[in-house]
């Protein structure tokens, strides 16, 4: 543990022990789950056109996603403390991917709402873990680390919104 703390403070670790590598991976992970939130509006009209559920009913899924994403972060943080960041981010990634598939094939509102719960669990797990990990590895540059990690969330949306919209 002392070696890991020294590596976090100096940034001199190698591979996975290098704090800049850890930060970069966190930024990428954030970018990969961002469109569950930021790209949502691009899917509302096509879903309504196909299923005629109404935009309000479809937007309930977004509310479910946001509540699940944010309110479960303390539990996901506890899981990070117990098992480490890798399994929580991996589980979050699996949930995010599963949610995209479920959203694509949902034929009823309950299916869409279930996908929103799974997406929220996934995005929250990734978000909370990556921010917490950045703060752990950068005790001397907490603002920079948290800012870059959060920027990864926005950048992921900015990069992928154009292909989604076309």
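Some observations on this one:
- Leading residue by the ranking (nearest to residue 130 (Cα to Cα)) among those in segment 31-52 that are in a loop (DSSP other than H, G, I, E, B) and in contact with a helix residue (DSSP H, G or I) (Cβ under 6 Å, 6 or more places away or on another chain): 34
- Of all the numbered requirements in (1) in a helix (DSSP H, G or I); (2) crowded, with 18+ Cβ neighbours inside 10 Å; (3) modelled with pLDDT under 95, residue 9 misses one, and that requirement is (2).
- Close contacts from segment 38-65, counting a first residue that is in contact (Cβ under 8 Å) with a residue 40 or more places away in the chain and a second that is exposed (fewer than 12 other Cβ atoms within 10 Å of the Cβ) and part of a helix (DSSP H, G or I), with Cβ to Cβ under 7 Å and a gap of 6+ residues or different chains, come to 42/165.
- Of all residues making up segment 102-112, the number that are assigned to a helix (DSSP H, G or I) and crowded, with 17+ Cβ neighbours inside 10 Å: 3
- For residue 139, the criteria (1) under 26 Å from residue 21 (Cβ atoms); (2) out of contact with any helix residue (DSSP H, G or I) (no Cβ under 7 Å at 6 or more places or on another chain); (3) modelled with pLDDT of 95 or more hold in every case but one, which is (2).
- The set of residues in segment 122-136 that are touching a helix residue (DSSP H, G or I) at 6+ places or on another chain (Cβ under 6 Å) and crowded, with 23+ Cβ neighbours inside 10 Å comprises 122, 123, 124, 125, 126, 128, 129, 130, 133, 134.
- Residue under evaluation residue 139, criteria (1) surrounded by 14 or more Cβ atoms within 10 Å (Cβ to Cβ); (2) outside any helix (DSSP H, G or I); (3) in contact (Cβ under 8 Å) with a residue 60 or more places away in the chain, criterion not met: (1)
- Among residues of segment 68-86, those that are in contact with a helix residue (DSSP H, G or I) (Cβ under 7 Å, 6 or more places away or on another chain) and assigned to a helix (DSSP H, G or I), counted: 9
- One residue stands out among those in segment 81-101 that are buried (at least 19 other Cβ atoms within 10 Å of the Cβ) and farther than 24 Å from residue 17 by Cα: the one that is nearest to the chain's Cα centre (by Cα), which is 96.
- Taken as a whole, the condition of being assigned to a helix (DSSP H, G or I) and modelled with pLDDT under 95 does not apply to residue 91.
The values are calculated or read from the model by the stated rules, or taken from the named source; none is laboratory data. Small disclaimer: the values here were computed from a predicted structure and weren't measured. Glycine gets a Cβ as well: all are built from the backbone with ideal geometry, and neighbour counts include every protein chain shown.
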